[in-house]
Each structure stands twice: as C-alpha cells, then as structure tokens.
Amino acid sequence: MADLEKSYEFSKALFKEYCLRAEEDMKVLLFYDSYLEQKAEASGEEYVEAERIELQPDSPEVDLDWKFAPYFKALFQKNILLQMAVQYLLFAYVATVMLASVGIIAYTRSQNIALSNKQVYEDVRKLGADNAYILKCVKDQLKKVYLMPTIIGVGIIYLYQILIFFQNDGYFSKAEGRAALVDFGLCLFVVLYQYIGYRISLKGVKRIVGI
C-alpha cells in the first residue's frame with residue numbers, strides 16, 4: 001500500500017470479497033478435519049466439529065473461529081485492539097459489580113455483629129471494661145469480616161497468577177513481569193478498598209455500641 005492510512009479500509013474490503021467468494025465447504029470451524037468427519041460418518045458417530053458457520057463479510061472484527069480466515073496485518077492489529085477493549089470493559093464491569101457486592105455484604109455483616117453483641121458489650125462495660133477494651137474486641141471481630149477474606153482472596157489469586165506465568169515456559173518474560181506488576185497494583189487497590197470499607201464499618205459499629 002502506498003498510503004498506509006488506507007490499509008485498514010483496503011483490508012476490510014478485501015476481507016469482504018474473500019468471504020463472498022468462499023465455498024460452502026470452507027465455512028467450517030478452526031479444528032474441523034474432513035478425514036475425521038468421514039471416519040465418524042463411516043462408524044455411525046457424530047462429528048462435533050462438522051458445524052458450518054455463517055460468515056459476516058461486513059464485520060471482520062467478529063471472531064467466528066473460522067478455519068480459513070485470512071490474516072491481514074492491518075486488519076488484525078485494529079481488530080485485536082477492539083476485542084481487547086471489549087474484554088477489558090467487560091472485566092471492569094464484572095469487577096465493579098463484585099467489589100460493590102463484597103463491600104455491601106461486609107458492611108451489613110459488620111453492623112449485624114454490632115447489633116447482635118450490643119447487649120454483651122454493655123454488660124462487659126458494667127463489669128468494668130473500658131472503651132479501649134471494647135474497641136479491641138470490636139476490631140478483632142471486624143478483622144474476621146475484612147482481613148481474612150482479603151488475604152485469602154487477593155493473596156491466593158495473585159500467587160496462582162504468578163504460578164501460571166512461571167509454568168508457561170519455566171521463566172518470567174518481560175511481558176509477564178509487567179503483567180505481574182499490574183496485577184500487584186490491582187491487588188493493592190482491592191486492599192485499599194477493603195481498608196476503606198473497614199474504617200467505614202468500624203465507625204458505624206462504634207456508634208452502635210456507644211464508643
């Protein structure tokens with residue numbers, strides 16, 4: 001291409017023409033094998049990869065898992081960025097929903113603990129316990145709601161991710177190292193989120209028990 005700016009549009013048009021001219025026996029999945037299909041038919045079995053797909057000539061960004069899909073570098077680079085952006089948005093959405101759920105559940109649990117033990121704390125105070133001792137008891141209870149789930153959830157998942165990086169090829173590449181740093185940053189964000197939730201819950205519990 002003399003004009004690289006037009007290479008994407010050219011590749012898109014070429015992809016469309018390629019799809020329109022594809023024979024019916026080309027519209028198969030990536031792992032389709034005609035020999036295995038014939039072998040399955042001969043033995044009276046069903047060949048699961050025999051499904052035919054419907055091509056989308058005007059939508060090269062859609063991944064159909066097509067066995068004979070052409071590779072155009074300009075098309076691939078732009079489409080992979082689009083696909084990754086969609087995946088990141090989906091993961092961000094799911095993560096936001098899950099973090100919100102964790103925060104709501106933990107806060108509700110902590111307030112229920114305070115309400116359930118309010119009379120106990122009052123009895124302990126009548127027996128001579130000061131606010132410092134009651135606060136220590138409250139913090140010990142809240143740590144079970146916030147600290148342990150955070151350590152288990154964040155720690156185990158991060159170690160598992162590191163283990164996957166190492167087991168891929170036996171060493172850490174630069175890309176894997178950068179990914180590990182990004183994951184570590186996300187872990188710190190979750191820890192900070194949980195700590196803020198802990199402080200908010202502690203404030204509510206202190207108000208309930210009268211500290």
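Here, each number is a calculation from the coordinates, and none is a lab measurement. None of the values given here were measured: they were computed from a predicted structure. Neighbour counts run over all protein chains shown; Cβ positions are idealised from the backbone, glycine included.
Odds and ends about this structure:
- The chain: angle of helix 73-126 to the longest principal axis, Cα-based, in degrees nearest 10: 20
- Dipole magnitude (debye, nearest 20) for the chain, charges at Cβ of Lys, Arg, Asp, Glu: 2360
- Amide N proximity, region 56-75 versus Ser34 label position 7 Å along Cα-to-Cβ, cut-off under 16 Å: 67-69
- The count of lysine pairs in region 107-211 that are at least 8 places apart or cross chains, and whose C-alpha atoms lie under 23 Å apart, stands at 20.
- Region 156-205-region 111-148 distance, computed between alpha-carbon centres (Å): 31
- Contact order, relative form, for the chain: 20 percent (alpha carbon pairs under 8 Å, 6 or more residues apart, mean separation divided by residue count).
- Label point 7 Å beyond Cα of Leu81 along Cβ direction - residues of region 3-33 with amide nitrogen under 17 Å: 4-12
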